[in-house]
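One structure below.
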Amino acid sequence: MSRIVLLAAVAAAALAFPHLVTANYFIHLAVLAIIWMIVAQGTNVIQGYTGYVSIAQGGFMGIGAYSSALLSLDAGFPVWIAMLVAPLATAVAAIIAGYPSLRVKGHYFAIVTLAMNMVIFIVLVNWIPVTGGEAGTSGIPAPEPISIGGLEISFERRVNYYYLVLVALALVMLLVTAVVRSRVGLVLQAIRQNETFAEAAGVACWRYKLFSFVFSASLAGFAGALYAHYLSFISPAPFSVDHSLNAILAVILGGSGTLAGPLVGAALTTALPEMLRIAETFRLIIYGVGLVLVVIFLPRGLVPWVADLVGRFAGRRKDAGAENR
Amino acid sequence: MLVDLIQQLFNGLVIGSIYTLVALGLTIIFGILGIAHFAHGSVAMFGGYITYFFIASLGFGLFPSMAAAMAVGALLGVGLERIAYYPVRNAPPINAFIIALGLTLIIEKSNLILFGVDQIIIPTGFTRVFNVGGVTLPELRVYILAIAAVLVIGLTILIQRTWMGMAVRAVAQNRPAAVLMGINVNAVSMFVFALSSALGVAAGVLVGALFAIAPGVSGGLVVKGFAVLILGGLGSIPGAIVGGLVLGVSETFASAFISSAYKDVIAFLLMIGVLLVKPEGLMRRSAAR
């Protein structure tokens, strides 16, 4: 019951946000934060639920961003179609990349995906006729305006784009929740707990791992498409390894293997660097120290920690509170 | 054509020997503690900067500076192990990895604050160039190969012939049994961090002498180190040596004969190819998967 109230309150706050905070800069940050939440939720599927750390999410976001941008710019696709094709294109890339790399486990897998991200980045920088190289691609159109009941909604306006990414996030959350709670999700968690045992119980683990990897990559690709059509300009820089690490950080910070964790984590990793605007280098040092402290003292992440605290207080007041969590 | 091949082979071995030094540090740490020490590259760069500082500001010679920097690097390594990695030794491996990422940020940006953004080339004074049958052998590159060889041989003797080296191997093979035999695992992990950080610093100095030290170099270096580990097998010392040389040579050949912009792509494709055919690495017999 209290969960539904909390969910409704968060949804209401998200809907009211652009009217409460009218400064363009904050709405801009909120759009970016939501896009990162989608990437982080994808990372959570492979890292939090399946137990495989993929450092390629930034690169997959890049594949989605460039394919959507180029489809709408050069091939003349409508933006809406391009944005739906982008996750599929990313999924194809993830199948090709994931098939060989999922043969290995643990650190090997992490390092291979890291290399994959570097390959994607190098290709984005050097394949100049298509991607425009480091100078990037500009003039990417916003989605075509739609009209609901005679009211035309243009996505050139920042507030409207905010609602667009919010709807996208809600859909992604529904999809991820459905997957995680399905039989497939249970198998993924079994793989995280003990892959040898899952294999021995008759599960063809590689299929589920490949599914998890491809699903998380296509979420990143979808987020990339949203990103490209929002900024109307993309260059390879946001799709480097640094940003894959950022997504991992968001998941760890918020709480990996929880549905709410990546959202909180992505909001923090977008907002904190903006708040700590002392100087670029000092800011990143503080960021690094914070990261180390969180992992040492709150290894499960913020969301489970807060939930425990709340649970403990509630438990003290009424003894049966433990089960409602 | 043959001269070309030998020339590229030489260049590849020089770069490969630096990769080997980086990878050796990573592989010992991984073998003992199971940590993917991502901050290793920034430690190496820190060592390069500090060597430059000793030479340019304090007027030390090249080799004393390098030795002093390796000592400082060893201390830094022990400090990292105590402060950051020790508290998470019993947590899942991903936690140590995230710690490593945090440390990378901290050290990388501290380098930036302490030593500035300009790129630095460590002055060596080795400018002669030998010419053997049409193959150009710059003096500096020959020395780099020699220094790397001396360090690798020294490490091998340390690991194979000394009591501490035996303790390190014992912990790598079977940690609980080593503890039962009275080996102080804490001392071993500190020793391993000191040793591998010193090796990393040496690699950083060689990079600084051969190319340059600049912000952002460390990331590439540590990723190459991990690529070597995958080629050779995680935790394997012979694997790090062979893998480093293979990576260096194949990268040089790729950039000379195929495309220099895509040389890293070719290196990574090689790595993925090895994973497909021999997932346990080139030098490992047992399939640990």
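Readers should treat all values here as calculations from the given coordinates under stated rules, not as data from a laboratory. It should be emphasised that the depicted structure is a prediction, and the values quoted were computed from it without experimental measurement. Ideal geometry is used to build each Cβ from the backbone, glycine not excepted, and the neighbour counts take in all protein chains shown.
Only helical runs count toward this figure. For chain B, summing -39,500 (n - 2.57) over DSSP H runs of n ≥ 4 and dividing by all residues gives -25000 deg cm²/dmol at 222 nm. Each Cα pair under 8 Å and six or more residues apart adds its separation to the average, and for the range B:7-214 the resulting relative contact order is 43 percent. Largest GNM mean-square fluctuation across B:Pro215, B:Pro238, B:Pro176, computed for chain B with C-alpha springs under 10 Å, falls on B:Pro176. Let me know the whole percent of all Cα-Cα pairs from the range B:99-174 that are separated by more than 22 Å. In whole percent, the share of Cα-Cα pairs in the range B:99-174 beyond 22 Å is 62. Taken over the alpha carbons of the range B:1-80 as equal point scatterers, the Debye sum produces base-10 log I(q)/I(0) values at 0.12, 0.14, 0.22 Å⁻¹ of -0.49, -0.62, -1.02.
Distance between the 7 Å Cα→Cβ label points at B:Ile258 and B:Arg175: 3.8 nm.
Would you mind ranking A:Lys209, A:Lys105 by Cβ crowding within 10 Å, fewest neighbours first? Could you put the intermediate results ahead of the total?
Working: A:Lys209 23, A:Lys105 15.
Ordered from fewest to most neighbouring Cβ atoms within 10 Å, A:Lys209, A:Lys105 come out as A:Lys105, A:Lys209.
Excluding same-chain neighbours fewer than eight residues apart, the lysines reachable from B:Lys263 by a Cα-Cα span under 16 Å are B:Lys224.
Can you compute the FRET efficiency between B:Ala149 and A:Ala200 using 1/(1 + (r/R0)^6), with r the Cβ-Cβ distance and R0 = 56 Å? Round to the nearest 0.05.
0.75
Can you give me the span-like helices of chain B, meaning DSSP H runs with 27 Å or more of Cα extent along the axis and Kyte-Doolittle mean at or above 1.0? Once both thresholds are applied, what remains is B:2-33, B:93-115, B:139-161, B:185-210, B:237-257. Each semi-axis of the equivalent ellipsoid for the range A:26-239 is √(5λ) with λ an eigenvalue of the Cα gyration tensor; in descending order they amount to 31, 21, 13 Å. The equivalent ellipsoid of the range B:7-214 has semi-axes of 31, 21, 14 Å, largest first, where each one is the square root of 5 times an eigenvalue of the Cα gyration tensor. Normalised by 2.2 N^0.38 Å, with N the number of residues, the alpha-carbon radius of gyration of the protein assembly as shown equals 1.01.
Loop only by DSSP, 12 or fewer other Cβ within 10 Å of the Cβ. Give me the chymotrypsin sites (Phe, Trp or Tyr not before Pro) in the range B:47-92 that pass, ordered by residue number. Provide the component values of the computation, followed by the final result.
Working: sites: B:Tyr49, B:Tyr52, B:Phe53, B:Phe54, B:Phe60, B:Tyr85; in loops: B:Phe60.
When the chymotrypsin sites (Phe, Trp or Tyr not before Pro) of the range B:47-92 are filtered for loop state and at most 12 Cβ neighbours within 10 Å, nothing remains.
Shown here for the range A:88-193: chymotrypsin sites (Phe, Trp or Tyr not before Pro) in loop regions (DSSP other than H, G, I, E, B) with at most 16 other Cβ atoms within 10 Å, namely A:Trp127.
For the range A:78-142 and the range A:9-75, what is the separation of their Cα centres, given in Å? Value for the Cα centre distance between the two parts: 16 Å.
Over all alpha-carbon pairs in the range B:176-289, figure out the percentage whose distance exceeds 17 Å. Tail of the P(r) past 17 Å holds 65 percent of the pairs. Shielding of peptide A:109-116 by partners, expressed as the average count of other chain Cβ atoms within 10 Å per residue Cβ, is 6. For the options A:Ile27, A:Ile96, A:Ile140, a Gaussian network treatment of chain A with springs between C-alpha atoms closer than 10 Å singles out A:Ile96 as fluctuating the most.
Dividing the mean sequence gap of close Cα pairs (under 8 Å, 6+ apart) by how many residues the range A:26-239 holds gives a relative contact order of 45 percent.
Over all residues in B:102-115, what is the mean tally of Cβ atoms on other chains that come within 10 Å of each residue's Cβ?
On the way: counts 13, 4, 3, 13, 8, 2, 4, 10, 5, 1, 5, 4, 0, 0.
For this peptide, the per-residue mean of nearby foreign Cβ atoms is 5.
If R0 is 25 Å, the Cβ-Cβ spacing of A:Arg181 and A:Phe26 corresponds to a FRET efficiency of close to 0.15.
For chain A, what does -39500 (n - 2.57) per DSSP helix run (n ≥ 4), summed and divided by total residues, give at 222 nm, in deg cm²/dmol to the nearest 500?
Numbers: 14 runs with 235 residues, N = 325.
Calculated at 222 nm, the ellipticity per residue is -24000 deg cm²/dmol.
The calculated FRET efficiency for B:Gln160 paired with A:Ala135, based on their beta-carbon distance and R0 = 60 Å, is about 0.65. The mean number of partner chain beta-carbon atoms within 10 angstrom of a residue's beta-carbon across peptide A:48-56 is 1.
Over the range B:202-267, what is the mean sequence separation of C-alpha contacts under 8 Å (at least six apart), divided by residue count, expressed as relative contact order in percent?
Numbers: 36 pairs, mean separation 10.8, N = 66.
The normalised contact order for the range B:202-267 reaches 16 percent.
Seen from B:Ile32, the other residues with C-beta closer than 10 Å to its C-beta sum to a net charge of +2, counting Lys and Arg as +1 and Asp and Glu as -1.
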